[in-house]
Amino acid sequence: MKIEKFVLGPIQTNCYLLINEESGQAVVIDPGMEPKRLVERIRSGGFKLEAILLTHAHLDHMGGVDEVRKAFGCPVYIHDLEADWLTDPGKNGSLRWSHMTPPLVTDPAEYALDEGMNLELAGFSFRVLHTPGHSPGSVSFLHGSDLFSGDVLFRQSIGRTDLPGGREADLYNSIRSKLYRLDPQVKVHNGHGPATTIGHEMQNNPYVRIG
């Protein structure tokens, strides 16, 4: 799997394009606002986009869904707890941050995600981990030794919990009971900032350090 990162929009959100170089298929995780560079890359590469996976539905992670889905005709996957956030700008935050974007509304997702699901997309296998706390429907996607964690776990930091639906206790539990049970070598591709590893965070994260 080839992983290409795009930092999109005014909140500098990490979007990931996962490419199967043998088949030419691809998957996008979290197409944020202002996705023009992402769309151009998919077109120039001639990739067949199989799916859009959302770690959660805050505006900076779903802001490009409508443009990408209409460009490539691919389905969207999101946890049921945030399914209606795609159609409600009050819930996805775009009304609150109206200085950044007009209200964001897109069609409902085609597929619902839940804990323990295995997705087979573009020749890749993803395990879905429900990791609430930053938002109620936050999920992380595990493929081999690569974890796409959205805004749950950052390099020596964690996701904020002061937005609607956030809960600090749930976030700590998600990290300790699910992410920290993964192999320490797993690389964490998060929603903002540089990548890290599970092992590095277990030893160095000031919020959820173990040992």
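The values are calculated or read from the model by the stated rules, or taken from the named source; none is laboratory data. Since the model is a prediction, treat every value here as computed from it, not as a measurement. Using ideal geometry, Cβ is built from the backbone for each residue, glycine included, and neighbour counts are taken over all protein chains shown. Side chains are part of the model used for accessible areas, which takes the heavy atoms of the whole protein and leaves out ligands, DNA and RNA. Shrake-Rupley method; radii C 1.70, N 1.55, O 1.52, S 1.80 Å.
Normalised by the number of residues in segment 90-211, the mean separation of alpha-carbon contacts (under 8 Å, six or more apart) gives a relative contact order of 19 percent. With R₀ fixed at 22 Å, the C-beta to C-beta distance from Lys2 to Lys70 puts the FRET efficiency at about 0.35. Protein heavy-atom surface of the chain, 1.4 angstrom probe: 47% of the accessible area is carbon and sulfur, with nucleic acids and ligands not counted. A 1.4 Å probe, protein heavy atoms only, puts the accessible area of Glu34 near 120 Å².
Can you tell me the dipole magnitude for the chain around its Cα centre, using point charges on the Cβ only (Lys, Arg +1; Asp, Glu -1), in Debye to the nearest 20?
Working: 20 positive and 26 negative charges, 116 e Å.
Using Cβ point charges on Lys, Arg, Asp and Glu, the chain gives about 560 debye.
On a straight-distance basis, which lysines could pair with Lys178 in a cross-link, Cα separation under 24 angstrom, same-chain partners fewer than 8 positions away excluded? Partners found: Lys187. Computed over segment 1-122, relative contact order equals 21 percent, with contacts defined as Cα pairs under 8 Å that lie 6+ residues apart. If you take all other residues with their beta carbon under 11 Å from the beta carbon of Gln25, and give Lys and Arg +1 and Asp and Glu -1, the sum is -2.
Ellipticity at 222 nm from helices only: DSSP H runs of n ≥ 4 in the chain, each -39500 (n - 2.57), divided by the residue count, give -5000 deg cm²/dmol.
For Lys48, the lysines whose Cα comes closer than 18 Å to its Cα, not counting residues fewer than 8 places off in the same chain, are Lys2, Lys5, Lys36, Lys70. Mean sequence separation of contacting Cα pairs (under 8 Å, at least six apart), scaled by the length of the chain, corresponds to a relative contact order of 14 percent. In the full protein context, segment 4-68 carries 35 Å² of accessible surface per residue, based on a 1.4 Å probe and ignoring ligands, DNA and RNA. Look at where the Cα atoms of segment 183-211 and of segment 148-165 average out, and the two centres are 12 Å apart. The calculated FRET efficiency for the pair Arg176 and Glu120, based on their C-beta separation and a Förster distance of 30 Å, comes to about 0.55. Given (i) 1.02; (ii) 0.94; (iii) 0.97 as candidate values of Rg/Rh (Cα atoms, Kirkwood Rh), which corresponds to the one derived from the coordinates? Here the calculated entry is (ii). Heavy-atom accessible area, probed at 1.4 angstrom with all protein chains present, ranks Ile42, Ile3, Ile210 as Ile210, Ile3, Ile42, highest first. Whole-Hz Karplus values for segment 82-94 come out as 10, 4, 7, 5, 5, 9, 10, x, x, 7, 7, x, 6 Hz, taken residue by residue from phi with 6.51 cos²θ - 1.76 cosθ + 1.60 and θ = phi - 60°; glycine and proline positions read x.
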